[in-house]
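Input: a single structure, listed below in structure tokens.
The values are calculated or read from the model by the stated rules, or taken from the named source; none is laboratory data. Worth saying up front: this structure is predicted, and the values here are computed from it rather than measured. Cβ coordinates were reconstructed from backbone atoms using ideal geometry, including for glycine residues, and neighbour counts include every protein chain displayed.
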């Protein structure tokens, strides 16, 4: 008698999760539905829009903390770091040999294969900072064709072809101020769903006000945040609400401190080499507070 293979399921988000993220439940449900349809998803937007926090929190809700692996891509990251590669290994004779070692993706997929009734999530932070073709290698093919098998780069002649388990999903984050989403190649666009997180759009647009209301802080900071972004011409460099979602910001002197140490330095980078812009007059806290008071 054949025993049916256990099936995993992607659970629905609940109101408690939505409240913890200060977003609408309907929006979270759309994210989950997209993962059911296409098991690779990317949250993209300017800095401070909560991309990584949402990705981690959603992943742990869907799979549980023990079934979530988090990696961060960077320009030097490689296939050998990500999936598997030969690493130097000390031998008993004092010499150094090389042994094929699994990376975080290989370890996750191996666990997923032995627990087909559970969901496993890989969170890739700053996914667009790495060379994706170099990092994913032949795995790029399997992101689109989960039912097929291929030989791996370091496979031996006796190794079975590799398949990417269906109970593995990938959630990535992409900072559009670091590298424009327009530069993402078509192969990646075809394999991933993309969800924007932008200060001028929901759900990000309302996150700060909801967070302030939940903690009974004045809404003045949200008004300043709105005025700040209105002064920034490039939407990819607008400032996300996360910079203001810390209790220290709302203590005495805290807002001025985050403005001087985080907000203005970001905008200095944006206007690097442009001496025609007076940063304090355009983005300074005092200038924006004055504009809110006078309505100018």
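Checking the stated criteria, residue 87 turns out to be outside the structural domain of residue 229 (by TED's automatic domain parsing), farther than 18 Å from residue 195 by Cβ and not in a loop (DSSP other than H, G, I, E, B).
Okay, residues lined up against (1) part of a loop (DSSP other than H, G, I, E, B); (2) assigned by TED's automatic domain parsing to the domain that holds residue 232; (3) more than 21 Å from residue 55 (Cα to Cα); (4) at pLDDT below 95:
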{"residue": "94", "(1), (2), (3), (4)": "yes, no, yes, yes"}
{"residue": "101", "(1), (2), (3), (4)": "no, no, yes, yes"}
{"residue": "105", "(1), (2), (3), (4)": "no, no, no, no"}
{"residue": "152", "(1), (2), (3), (4)": "yes, no, yes, yes"}
{"residue": "182", "(1), (2), (3), (4)": "no, no, yes, yes"}
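Evaluate region 272-281: report whether one residue or more is surrounded by 12 or more Cβ atoms within 10 Å (Cβ to Cβ), farther than 26 Å from residue 124 by Cβ, at pLDDT below 95 and touching a helix residue (DSSP H, G or I) at 6+ places or on another chain (Cβ under 7 Å). For region 272-281, residues surrounded by 12 or more Cβ atoms within 10 Å (Cβ to Cβ), farther than 26 Å from residue 124 by Cβ, at pLDDT below 95 and touching a helix residue (DSSP H, G or I) at 6+ places or on another chain (Cβ under 7 Å): present.
Against the numbered list (1) in a helix (DSSP H, G or I); (2) in contact with a helix residue (DSSP H, G or I) (Cβ under 7 Å, 6 or more places away or on another chain); (3) touching a residue at least 24 places away in the same chain (Cβ under 8 Å), residue 70 comes up short only at (1). Of all residues in region 233-244, those satisfying the criterion of being in contact (Cβ under 8 Å) with a residue 40 or more places away in the chain and out of contact with any strand residue (DSSP E or B) (no Cβ under 8 Å at 6 or more places or on another chain) are 235, 236, 237, 238, 239, 241, 242, 243. Scanning region 185-202 for residues that are closer than 13 Å to residue 128 by Cβ and surrounded by fewer than 13 Cβ atoms within 10 Å (Cβ to Cβ) yields 185, 189. When 222, 187 are screened for being without any contact (Cβ under 8 Å) to a residue 60 or more places away in the chain, outside any loop (DSSP other than H, G, I, E, B) and assigned by TED's automatic domain parsing to the domain that holds residue 37, only 187 passes. Kindly indicate whether any position in region 270-286 is part of a helix (DSSP H, G or I) and under 24 Å from the mean Cα position of the chain (by Cα). For region 270-286, residues part of a helix (DSSP H, G or I) and under 24 Å from the mean Cα position of the chain (by Cα): present.
Scan region 134-149 for residues that are closer than 23 Å to residue 74 by Cα and touching a residue at least 12 places away in the same chain (Cβ under 8 Å) and report the count. Outline the logic, then answer.
Start the filter on region 134-149 by keeping residues that are closer than 23 Å to residue 74 by Cα, which leaves 134-143.
Going one step further and asking which of them are touching a residue at least 12 places away in the same chain (Cβ under 8 Å), we end up with 134-140, 142-143.
Result for region 134-149: 9.
Residues of region 225-246 that are part of a helix (DSSP H, G or I) and either under 24 Å from residue 290 (Cβ atoms) or at pLDDT 95 or above (or both): 225, 226, 227, 228, 229, 230, 237, 241, 242, 243, 244. For region 202-217, the criterion of being in contact with a strand residue (DSSP E or B) (Cβ under 9 Å, 6 or more places away or on another chain), modelled with pLDDT of 95 or more and within 22 Å of residue 27 (Cα to Cα) is met by at least one residue. Considering region 107-131, and only residues there that are surrounded by fewer than 20 Cβ atoms within 10 Å (Cβ to Cβ) and not in a loop (DSSP other than H, G, I, E, B), the residue that is nearest to the chain's Cα centre (by Cα) turns out to be 125.
Being in contact with a helix residue (DSSP H, G or I) (Cβ under 9 Å, 6 or more places away or on another chain) and loosely packed, with under 15 Cβ neighbours inside 10 Å is the filter; apply it to region 155-178 and report the residue that is modelled with the lowest pLDDT. Steps first, answer last, please.
Step one: list which residues in region 155-178 are in contact with a helix residue (DSSP H, G or I) (Cβ under 9 Å, 6 or more places away or on another chain), which gives 162-178.
Cutting the leftovers down to loosely packed, with under 15 Cβ neighbours inside 10 Å gives us 166, 178.
Details: 166: 94, 178: 68.
The residue in question is 178.
For region 47-72, a residue qualifies if it is modelled with pLDDT under 95 and touching a strand residue (DSSP E or B) at 6+ places or on another chain (Cβ under 7 Å), and exactly one does: 47.
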